[in-house]
Amino acid sequence: MTWLSHPDAALVRGATEVLSSTEELDALFLAGSHGRGSADDFSDIDLLAVAHPGGEAAVAAALETWLKATAGLAYWQAHFGGRLINAITSNWRRIDLSFVAQDALKARPKNTLIPLHDPEGLHSLLAPPRGPVAPSPQKVTALTLEFLRVLGLLHVGAGRGEWVLLVKGLGLLRDMLVDLMLEEVAEPEKGGILHLSRLLPEADMTLLLNLPYPGPERAALFKGYTAIAEAFLPRAKALHARLELPWPADFEAATRDVLRRELALELS
């Protein structure tokens, strides 16, 4: 789906007209799933702007004023000193406006941005499309260490009877498994987490759907933690070997030992 046929096409046109009339704007691009050509009816509007130095506030204010007058604003929040704006209209259409300097813009792949207002032809200066990407050694290492740490804390939560907290911990472990899966996806422009089923292979989605999703009950939580650990650890080991990364064998052994000793929980 192109942005021209998207339900939010009128919002894109209106925002482009309003922002391009502000003196502080140098260029405006459609980014995110629209920029990559993977948008669907539920995709938000990601606007990427290049503004005069110090002109970001004026550009953002123009968008806010226009949205209030035409679509209504249910939510408006600025982040990072105003360099990222999240907006939601009264009928729950989502618009994100982010600002980038010209020099940083040039590192963006050309096939991820659609020019909406580009009088200086900045789009022609963008980087070529990226090829397949390899997993990040730093990310894989960090995920593995954090997974083992959170997994080991199971004995602390269980010892204190903090079953609600352990439901949260199980969610963290599941998220880390998802992140590890995503590291194996060679697609260079993965997009947001709301595109998960498009990115992951069918077998990985099936695995995630079949994992336990228990409530705050001891036996069910132990089963859930075990299932996620037995999905994550072999996969992480294989990825460490593929990337020639040292495996934290001592940390894994200590984690397995404390779960065995304190909870009689044996991981395969």
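Scan the chain and note any complete DSSP helix (H) whose C-alpha atoms cover at least 18 Å along its axis and whose Kyte-Doolittle average is 0.0 or more. For the chain, where a helix must reach 18 Å along its axis and average at least 0.0, the hits are 56-70, 137-152, 163-183, 218-242.
Full extension of the segment from ASN210 to GLU146, taken as 0.36 nm per residue of separation minus the current Cα-Cα distance, would add 20.7 nm.
Summary value for the chain: 16 percent relative contact order, contacts being C-alpha pairs under 8 angstrom separated by 6+ residues. In this structure region 149-202 gives 51 Å² per residue of accessible area when probed at 1.4 Å with all protein chains present.
Projecting the Cα atoms of ALA220, LEU122, THR22 onto the charge dipole of the chain (Cβ charges, centred on the Cα centre) puts ALA220 farthest toward the positive pole. For LYS223, a cut-off of 25 angstrom between C-alpha atoms picks up these lysines, skipping any fewer than 8 places away in its own chain: LYS168, LYS237.
Placing THR70, THR206 in order of accessible area, with the largest value first and a 1.4 Å probe, yields THR70, THR206.
The accessible-area ordering, largest first, of the residues SER197, SER20 stands as SER197, SER20, per a 1.4 angstrom probe. Students often get this wrong, so try it: which of (i) -0.57, -0.68; (ii) -0.34, -0.42; (iii) -0.53, -0.61 is log10 I(q)/I(0) by the Debye sum over Cα atoms at q = 0.09, 0.10 Å⁻¹ as calculated from the structure shown? Given (i) -0.57, -0.68; (ii) -0.34, -0.42; (iii) -0.53, -0.61, the calculated one carries the label (i). Surface composition of the chain: carbon plus sulfur atoms contribute 57% of the solvent-accessible area (1.4 Å probe, protein chains only, all chains present).
Only beta bridges with both residues in the chain are counted; by DSSP, about 75 percent of them are antiparallel. Each of ALA264, GLN77, ALA49 was scored by the projection of its Cα onto the charge dipole of the chain, and the greatest displacement toward the positive side belongs to ALA264; charges sit on the C-beta of Lys, Arg, Asp and Glu. Rg over Rh for region 181-268 works out to 1.02, using Cα positions for both radii and the Kirkwood form for Rh. Dipole size of the chain about its Cα centre, with +1 on Lys/Arg Cβ and -1 on Asp/Glu Cβ: approximately 640 debye, rounded to the nearest 20.
Return the percentage of antiparallel bridges among DSSP beta bridges fully within region 1-136, rounded to the nearest 5 %. Beta bridges within region 1-136, antiparallel portion: roughly 75 percent. Residue ranges 164-175, 130-141 sort as 164-175, 130-141 when ordered by packing (mean number of other C-beta atoms within 10 Å per residue, highest first). In the context of the full set of protein chains, region 1-147 has a per residue accessible area of 49 Å² (1.4 Å probe). Charging the Cβ of each Asp and Glu at -1 and of each Lys and Arg at +1, and nothing else, the dipole of region 1-80 about its Cα centre rounds to 100 debye. Once Lys and Arg get +1 and Asp and Glu get -1 on their Cβ, which of PRO246, ALA203, PHE232 lies farthest toward the positive end of the dipole of region 203-260? About the Cα centre, the residue reaching furthest to the positive side is ALA203. Dividing the helix sum by the residues of the chain, where each DSSP H run of 4 or more adds -39500 (n - 2.57), gives a mean residue ellipticity at 222 nm of -15500 deg cm²/dmol. Under 20 Å from a label point set 7 Å out along the Cα-to-Cβ vector of GLN102, the amide N atoms of region 36-64 belong to 48-60. Extending 7 Å from Cα along the Cβ direction at GLU266 and again at LYS139 yields two label points whose distance is 3.7 nm. Hey, which aspartates and glutamates would be in cross-link range of LYS190, C-alpha to C-alpha under 19 Å, not counting anything within fewer than 8 residues on its own chain? Within the straight-line limit of under 19 Å, LYS190 reaches these aspartates and glutamates: ASP40, ASP41, ASP44, ASP46, ASP96, ASP175, ASP179, GLU202, ASP204. Reported to the nearest whole Å, the Cα centre-to-centre distance from region 104-163 to region 10-76 is 24.
The values are calculated or read from the model by the stated rules, or taken from the named source; none is laboratory data. Note that the structure is a prediction, hence the values are computed from the model and not measured. Positions of Cβ are generated from backbone atoms using ideal geometry, with glycine treated the same way; all protein chains shown enter the neighbour counts. Quick note on the areas: whole protein, heavy atoms, side chains included, nothing else; ligands and nucleic acids left out. Shrake-Rupley method; radii C 1.70, N 1.55, O 1.52, S 1.80 Å.
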